[in-house]
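Report on the structure given below.
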Amino acid sequence: MKNSWLKNSCLVGGMLILSTYAFSQEEVEVDTSIVLVKHIDAVRIGVQDIVMIRMLPLKGLTKDDIELLNTDDVAGLVSKVPGATVRSYGGLGGLKTVSMRGLGGQHTAVIIDNFQVTNAQAGQMNLGQLQSEGLESALAGTQLVFDGLQSVSANFTGNYLQFNTFMLGFGRDKTRLKASVRYGSFLRREAYLQGDRSFGKWSVAAFGKFRDADGSYPYQFLNGATLTDNVRGNNDYQDMHFGFKLGRRIKDNSQLKIIYRSSFMDQGLPGAVLLYNQSADERMNTQDHRFMADYIINKYQNRMRFYLNGGINNLEYFDPTYLSAAGFVQDQFQNLSLNGGYIQNKQFDKIALKWGLEEKIEALQSNREVLGVPFRSSSYGLFGAKKMHNAFNFEAIAGAQLMYDDNGESQKTHVQFTPSASVQYEIPRKPQMKLEFLYKRNFRLPSFNELYFGEVGNSNLQPEIAHQFDLGYNWKIRENYYRWRFEINTQGYFNRVQNKIVAIPTKNLFIWSMQNVDEAMIYGGLAEARVVRRFRGENRIEFLANYTWQRVIDITPGAITNGHQVAYAPEHTANADIMFMYKSLNMRISNNFVSGRYALNQNVPANYLDPFWTLDAAVGYKYTVKNKHKIGVQINVRNLTNVSYAFIRSYVMPGRHFLLTLNYEIL
């Protein structure tokens, strides 16, 4: 048995490493819809773009996956979740956004412990500012689980990312602690501590984290035929995270929870890597505070949740050398949000029903007069039904949203409907084969920046509408047959986007503004597979792979880019991960391939970006003492082949770098 284990490990691992081939890549364009840059009124604000779709593993990430991947933030985890797409501006603390199935990040809900987190100013979340420590699972998809109790508004988006932390549960009647220290490349140092315990009907949990890094890293930049070696500076980064939970069990298995989370970030902004501009001196400071409370009632075949969620996000951008009368620029923004609602699921004899209401208020205050004082009020309502009949499972949800916008100078009201329907068919006599079909209409509201930011903003923007069609097939083969398990999943999808919000020249080539002009058609298919070979005990090898083909086409009538692939949308992507679990030793090797794509919607050679292939590796060892204490050490090496590449033009990613982690747990 031991020889068989070693043979399989060496054979599969050797084939995976030998298959790795790296490509260099050109520079990529800056998305200024979130990033504050000099002369923002004279640049194009990018829209929802696609970089890659990576789909490992099949049903999301478990706690073991998260610990072994040991990512800098949740963006690294999202890049492994089915259907997710990540755009990164490079390095620790760099801006990272997500889109799924060809739809931009504004169509994706980010949910933490059943609470949706939002940013009305940018319209999407920066995943680079959400920590991965303390997570128990990471999931993604197009349709939330019917009997889930997530916020009502999360059901109105085209896709979702759901992160569950150790504070979601109630805890046990003994203390659990977890501590870790890390040291890595670019003078990175960090410490993390979490703990939880229940005392009868009460439960408490808390966490804290500190991290800092010099952040400067060497890079190679290719401009035409000229290759330049340099160091990407002004990339220092420091952050702190803190949070706690207080829970109380009430009769009938109901519980009340109060949660507070905060984060503080201070960082340099290295900017784009350009031959004619090696200076960067901008800085950004961010503070985020979130207060959450919910009351969940669990009765027989009847579950309901009342929730309240408030957030304050402060952002300060400082450029000491901005060419203005003052000689600098210092922009300050404060995003305020408050939402509360009620959602209920009830199971009857032959049908399940779901309904809920939510009210959300969002506001933005800043020292930039051009923004005014934007205010948004949204009311949500939904009703759904689920019924199983023989081999069929039917679901349907009807939703409506009333939205009111006011910035002190103009007011606007929108009413939108978001119906969805799905059917799942389990093939008779082959219960491990399933077919699934989904239709969903969703929309995304213009962000405050798109509506009101100087000459770029347009207060007359309409919501962006998306129609989603998904057809899927899942097949589990030989489950537990001679300790082998195979699973295959294929998906086909078609999305059509209307009223797409883009920036175009309006007065002249130097002044752009947001308009509802573009239309996009998205279609593609993917195949993913998981193979697990179990040995004695918990020893096993897992191999996960996927391939995605997609076309994201501009179909705007009369546009010169009609029929062109949308910027940063690779036509081919592929992934392959292999994991070894042997007693206390764990190992993971990850490959990712992204084909050539274009930095702009015009598919011409000047905008073409070369493909790239990256390889990461992780090795960890855990030792348990008397079933009470666990000590572990792990090393992660990223970009093992030292490939020079970039997700975003001119934002070069780090070369080979490492992260050493020491863990201690009280079980």
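Could you tell me which residue of segment 187-203 is nearest to Arg649 (Cα to Cα), considering only residues that are aliphatic (A, V, I, L, M) and open to solvent by 60 Å² or more (accessible area, probe 1.4 Å)?
Taking the candidates together, the pick is Leu187.
Restricting to segment 645-665, count the residues that are over 19 Å from Met587 (Cβ atoms), open to solvent by 30 Å² or more (accessible area, probe 1.4 Å) and of a type outside the set (Phe, Trp, Tyr).
Qualifying residue count for the region: 1.
Show the residue pairs that are 6+ apart or on different chains and have beta-carbon atoms under 7 Å apart, the first residue being within segment 637-648 and closer than 7 Å to Asp616 by Cβ and in a loop (DSSP other than H, G, I, E, B), the second being open to solvent by less than 40 Å² (accessible area, probe 1.4 Å) and of a type in the set (A, V, I, L, M, F, W, C).
Leu640/Leu615; Leu640/Ala617
Kindly indicate whether Asn607 is of a type outside the set (Lys, Arg), over 25 Å from the mean Cα position of the chain (by Cα) and surrounded by 14 or more Cβ atoms within 10 Å (Cβ to Cβ).
So Asn607 fits the description; yes.
Restricting to segment 158-185, name every residue that is surrounded by fewer than 19 Cβ atoms within 10 Å (Cβ to Cβ) and more than 24 Å from the chain's Cα centre (by Cα).
The answer is Phe170, Arg172, Asp173, Lys174, Thr175, Arg176, Leu177, Ala179, Val181, Tyr183.
Please verify whether Val78 is modelled with pLDDT under 90 and within 10 Å of the chain's Cα centre (by Cα), treating the condition exactly as stated.
Details: modelled with pLDDT under 90: yes; within 10 Å of the chain's Cα centre (by Cα): yes.
The answer is yes for Val78.
On the given criteria, is Phe244 within 20 Å of Asn314 (Cβ to Cβ), open to solvent by 40 Å² or more (accessible area, probe 1.4 Å) and either in contact (Cβ under 8 Å) with a residue 12 or more places away in the chain or not in a strand (DSSP E or B) (or both)? Before you say what the answer is, go through the steps one by one.
Working: within 20 Å of Asn314 (Cβ to Cβ): no; open to solvent by 40 Å² or more (accessible area, probe 1.4 Å): yes; either in contact (Cβ under 8 Å) with a residue 12 or more places away in the chain or not in a strand (DSSP E or B) (or both): yes.
For Phe244, the condition - within 20 Å of Asn314 (Cβ to Cβ), open to solvent by 40 Å² or more (accessible area, probe 1.4 Å) and either in contact (Cβ under 8 Å) with a residue 12 or more places away in the chain or not in a strand (DSSP E or B) (or both) - is not met.
Could you list, in sequence order, the residues of segment 320-354 that are among the polar types (S, T, N, Q), open to solvent by less than 80 Å² (accessible area, probe 1.4 Å) and in a strand (DSSP E or B)? Give the steps one after another, and end with the answer.
Our first condition is that a residue be among the polar types (S, T, N, Q); within segment 320-354, this holds for 321, 324, 330, 332, 334-335, 337, 339, 344-345, 347.
Add one more test, that the residue is open to solvent by less than 80 Å² (accessible area, probe 1.4 Å), and what stays is 321, 324, 330, 334-335, 337, 339, 344-345, 347.
Listed by number, the residues that qualify are Gln330, Gln334, Asn335, Ser337, Asn339, Gln344, Asn345, Gln347.
Taking Glu479 as the residue in question, decide whether it is open to solvent by less than 40 Å² (accessible area, probe 1.4 Å), closer than 30 Å to Ser590 by Cβ and at pLDDT below 85.
no
Hey, could you check segment 371-397 for residues that are within 19 Å of Gln347 (Cβ to Cβ) and of a type in the set (A, V, I, L, M, F, W, C) and say which is most open to solvent (accessible area, probe 1.4 Å)?
Top of the filtered list is Met388.
Please go through segment 618-646 and give me each residue that is charged (D, E, K, R) and under 25 Å from His657 (Cβ atoms), ordered by number. Give the steps one after another, and end with the answer.
The initial filter retains those residues of segment 618-646 that are charged (D, E, K, R), namely 622, 626, 628, 630, 638.
Residues satisfying the conditions are Lys622, Arg638.
Does Asn603 satisfy the criteria of being outside any strand (DSSP E or B) and under 30 Å from Arg551 (Cβ atoms)? If you could, list the steps in order and put the result at the bottom.
On the way: outside any strand (DSSP E or B): yes; under 30 Å from Arg551 (Cβ atoms): yes.
So Asn603 fits the description; yes.
Could you give me the residue pairs with C-beta distances under 6 Å whose first residue belongs to segment 311-324 and is on the phi < 0 side of the Ramachandran plot, whose second residue is open to solvent by 20 Å² or more (accessible area, probe 1.4 Å) and hydroxyl-bearing (Ser, Thr, Tyr) wherever it lies, and which are 6+ apart or on separate chains?
Gly311/Ser337
Going through segment 414-443 one residue at a time, which ones are among the basic types (Lys, Arg) and either assigned to a strand (DSSP E or B) or surrounded by 14 or more Cβ atoms within 10 Å (Cβ to Cβ) (or both)?
Of everything in segment 414-443, those that are among the basic types (Lys, Arg) and either assigned to a strand (DSSP E or B) or surrounded by 14 or more Cβ atoms within 10 Å (Cβ to Cβ) (or both) turn out to be Lys434, Lys440, Arg441.
Output yes when any residue across segment 204-220 is open to solvent by 30 Å² or more (accessible area, probe 1.4 Å) and more than 28 Å from Leu660 (Cβ to Cβ), and no when none is.
Yes, segment 204-220 contains a residue that is open to solvent by 30 Å² or more (accessible area, probe 1.4 Å) and more than 28 Å from Leu660 (Cβ to Cβ).
Residues in segment 453-462: is at least one of a type in the set (D, E, K, R) and either in contact with a Leu (Cβ under 8 Å, 6 or more places away or on another chain) or within 14 Å of Asn155 (Cβ to Cβ) (or both)?
no
What number goes with the only condition from (1) in contact with a strand residue (DSSP E or B) (Cβ under 6 Å, 6 or more places away or on another chain); (2) farther than 22 Å from Leu382 by Cα that Arg303 does not pass?
(2)
Report every pair of residues separated by at least 6 positions or lying on different chains whose Cβ atoms are under 9 Å apart, first residue within segment 482-504 and without any contact (Cβ under 8 Å) to a residue 40 or more places away in the chain, second of a type in the set (S, T, N, Q) and open to solvent by 60 Å² or more (accessible area, probe 1.4 Å).
Asn499/Gln462
Quick grid of which residues meet (1) part of a loop (DSSP other than H, G, I, E, B); (2) surrounded by fewer than 16 Cβ atoms within 10 Å (Cβ to Cβ):
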residue: Arg536; (1), (2): yes, yes
residue: Arg551; (1), (2): no, yes
residue: Pro557; (1), (2): yes, yes
residue: Arg588; (1), (2): no, no
residue: Ala617; (1), (2): no, no
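Take segment 421-476 and flag every residue that is within 14 Å of Asn393 (Cβ to Cβ), of a type outside the set (A, V, I, L, M, F, W, C) and at pLDDT 90 or above.
Result: Ser422, Gln424, Tyr425, Glu436.
To keep it simple, each residue is scored yes or no on (1) under 30 Å from Asn642 (Cβ atoms); (2) part of a strand (DSSP E or B).
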{"residue": "Leu161", "(1), (2)": "no, yes"}
{"residue": "Leu168", "(1), (2)": "no, no"}
{"residue": "Tyr183", "(1), (2)": "yes, yes"}
{"residue": "Gln194", "(1), (2)": "no, yes"}
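With the requirement that a residue be within 28 Å of the chain's Cα centre (by Cα) and of a type in the set (D, E, K, R), what does segment 219-271 give you?
Within segment 219-271, Arg232, Asp236, Asp239, Lys245, Lys257, Arg261, Asp266 meet the criteria.
Which condition number does Ser447 fail, the rest of (1) surrounded by 16 or more Cβ atoms within 10 Å (Cβ to Cβ); (2) touching a Lys or Arg at 6+ places or on another chain (Cβ under 7 Å) being met?
Unmet for Ser447, out of (1) surrounded by 16 or more Cβ atoms within 10 Å (Cβ to Cβ); (2) touching a Lys or Arg at 6+ places or on another chain (Cβ under 7 Å): (2).
Taking Ser459, is it under 28 Å from Gln124 (Cβ atoms) and in a strand (DSSP E or B)?
Here the answer is no, as Ser459 does not meet what is asked.
Could you list, in sequence order, the residues of segment 98-120 that are in a strand (DSSP E or B), open to solvent by 10 Å² or more (accessible area, probe 1.4 Å) and among the hydroxyl-bearing types (Ser, Thr, Tyr)?
Thr108
What number goes with the only condition from (1) assigned to a loop (DSSP other than H, G, I, E, B); (2) open to solvent by less than 20 Å² (accessible area, probe 1.4 Å) that Ala272 does not pass?
Here Ala272 meets the rest and fails (2).
Would it be correct to say that Ser254 is open to solvent by less than 70 Å² (accessible area, probe 1.4 Å) and farther than 28 Å from Pro320 by Cα?
So Ser254 passes the test.
Somewhere in segment 593-600, is a residue open to solvent by 10 Å² or more (accessible area, probe 1.4 Å), farther than 28 Å from Gly472 by Cα and in a strand (DSSP E or B)?
There is at least one residue in segment 593-600 that is open to solvent by 10 Å² or more (accessible area, probe 1.4 Å), farther than 28 Å from Gly472 by Cα and in a strand (DSSP E or B).
If you go through segment 560-586, how many residues are touching a helix residue (DSSP H, G or I) at 6+ places or on another chain (Cβ under 7 Å) and outside any strand (DSSP E or B)?
0
Might you check whether a residue that is more than 21 Å from Gly247 (Cα to Cα), in a strand (DSSP E or B) and hydroxyl-bearing (Ser, Thr, Tyr) occurs anywhere in segment 306-313?
no
The values are calculated or read from the model by the stated rules, or taken from the named source; none is laboratory data. What you see is a predicted model; the values in this text were computed from it and never measured. All Cβ positions, even for glycine, are placed from backbone atoms using ideal geometry, and neighbour counts span all protein chains on display. Accessible surface areas use protein heavy atoms only, side chains included; no ligands, DNA or RNA. Shrake-Rupley method; radii C 1.70, N 1.55, O 1.52, S 1.80 Å.
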